[in-house]
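What follows is a short report on a single structure.
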């Protein structure tokens, strides 16, 4: 797309057009509509809110009880603070309760619908309906151009500049024009849900900087012997602590036929760089060294795999045996030296794996990086250099941890823009 100007608008005029009918887009639309703005939401999919419906295993982890700026990754870590402080998790929880949607708390303050993610989408659509928001699906926006209104001078004279036209959109459903344009198209994650690079294209068209992007909250993959091992252990989950030099997370890890997944792996993927080794504490609640030395003193004839199988899955212990003490599989623990047992304990506490990569955008829950927030107002979500152009949600360089934080950013950034358009 290249910048261009039209001398006058064509097609139906709206005060606000929101491109993207996901969490942030619908939130923004209903807030703007309730302020008396005429609002149109355009979405390329056959229905809005697809990612909402699939989130949280179909139950939508819609926010978290413990939202802090530290739960977000951005090259400008202060950017998210304003919006998150002005529309908090308690505000959205209040909205959920207003609609009598039953919900429950899981680990780490995560809030899920009791019944279905459809409840959250229905809430948003109801809010949009009451705000008289128009929604059009299966809409492909081909071009966005700026408009020089012939009667701008008259508009200024009449103090009605806020109702003037700034943007012209051409689409397969016809032409539309608006005063404020909100980009809520998300990132590149899960392309089967309709994600694309459209939002980044618009940002580039108007000269905004785009920071490097990559898949986030995504499973690790392996190409060496580790892949064969994860295939054999596929389906096994266990509570571990997983870490790199940058960050540590403690939650479930899941072996899959492609590698390792589960909450702790997804969380760590946001901080992992290609070529980096990850480390896993397989028994974070245990002093493994003391456990093995005690077993040596009290169960001298027991095999090491027998001792560890009381703490870990037998199938995993057999894999570890091949990796760590293959030459001594039949040696009773009483015959192992203390130094050998300490070495084994340290290996189990700092098990090193080197992923070959991740599953990429195909299964990633978010996109790391994106539109440089230094070019966006943290209060309004408006471009600092292009009046009337707003960016919200995942398209920005703001990525939350797993656990409802990305939804809270969608709600908060959507409200910030909705109050400003």
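Counting residues in the stretch 325-334 that are under 41 Å from the mean Cα position of the chain (by Cα), farther than 21 Å from residue 229 by Cα and crowded, with 18+ Cβ neighbours inside 10 Å gives zero.
Quick check on residue 245: is it more than 25 Å from residue 373 (Cα to Cα) and modelled with pLDDT under 95? So residue 245 fits the description; yes. Quick check on residue 310: is it assigned by TED's automatic domain parsing to the domain that holds residue 234, over 16 Å from residue 240 (Cβ atoms) and free of Cβ contacts under 8 Å to residues at least 12 places away in the same chain? Taking the combined requirement at face value, the residue satisfies it. Against the condition in contact with a helix residue (DSSP H, G or I) (Cβ under 7 Å, 6 or more places away or on another chain), assigned to a loop (DSSP other than H, G, I, E, B) and within 25 Å of residue 365 (Cβ to Cβ), how does residue 52 come out, does it pass? Against the criterion (in contact with a helix residue (DSSP H, G or I) (Cβ under 7 Å, 6 or more places away or on another chain), assigned to a loop (DSSP other than H, G, I, E, B) and within 25 Å of residue 365 (Cβ to Cβ)), residue 52 does not qualify. The requirement of being more than 27 Å from residue 395 (Cβ to Cβ) and either under 21 Å from the mean Cα position of the chain (by Cα) or without any contact (Cβ under 8 Å) to a residue 12 or more places away in the chain (or both) is fulfilled somewhere in the stretch 219-237, by at least one residue. Taking the listed residues 49, 33, the one that is closer than 25 Å to residue 382 by Cβ, buried (at least 23 other Cβ atoms within 10 Å of the Cβ) and more than 16 Å from the chain's Cα centre (by Cα) is 33, with no other qualifying. Restricting attention to the stretch 365-421, the residues being modelled with pLDDT of 95 or more and part of a loop (DSSP other than H, G, I, E, B) number 21.
Being at pLDDT 95 or above, surrounded by 15 or more Cβ atoms within 10 Å (Cβ to Cβ) and out of contact with any strand residue (DSSP E or B) (no Cβ under 9 Å at 6 or more places or on another chain) is the requirement here; does residue 347 meet it? For residue 347, the condition - at pLDDT 95 or above, surrounded by 15 or more Cβ atoms within 10 Å (Cβ to Cβ) and out of contact with any strand residue (DSSP E or B) (no Cβ under 9 Å at 6 or more places or on another chain) - is met. Inside the stretch 52-76, residues that are farther than 22 Å from residue 117 by Cβ and either more than 18 Å from the chain's Cα centre (by Cα) or at pLDDT below 95 (or both) make up a count of 0. For the stretch 211-231, what are the residues that are exposed (fewer than 14 other Cβ atoms within 10 Å of the Cβ), modelled with pLDDT of 95 or more and touching a strand residue (DSSP E or B) at 6+ places or on another chain (Cβ under 9 Å)? Hit for the stretch 211-231 is 212, nothing else.
Under the condition of being buried (at least 20 other Cβ atoms within 10 Å of the Cβ), touching a residue at least 60 places away in the same chain (Cβ under 8 Å) and either in a helix (DSSP H, G or I) or touching a helix residue (DSSP H, G or I) at 6+ places or on another chain (Cβ under 6 Å) (or both), the residues counted in the stretch 266-304 number 5.
The values are calculated or read from the model by the stated rules, or taken from the named source; none is laboratory data. Values in this document were obtained by computation on a predicted structure and should not be read as measured data. Cβ sites come from the backbone with ideal geometry, for glycine too, and all protein chains shown count toward neighbours.
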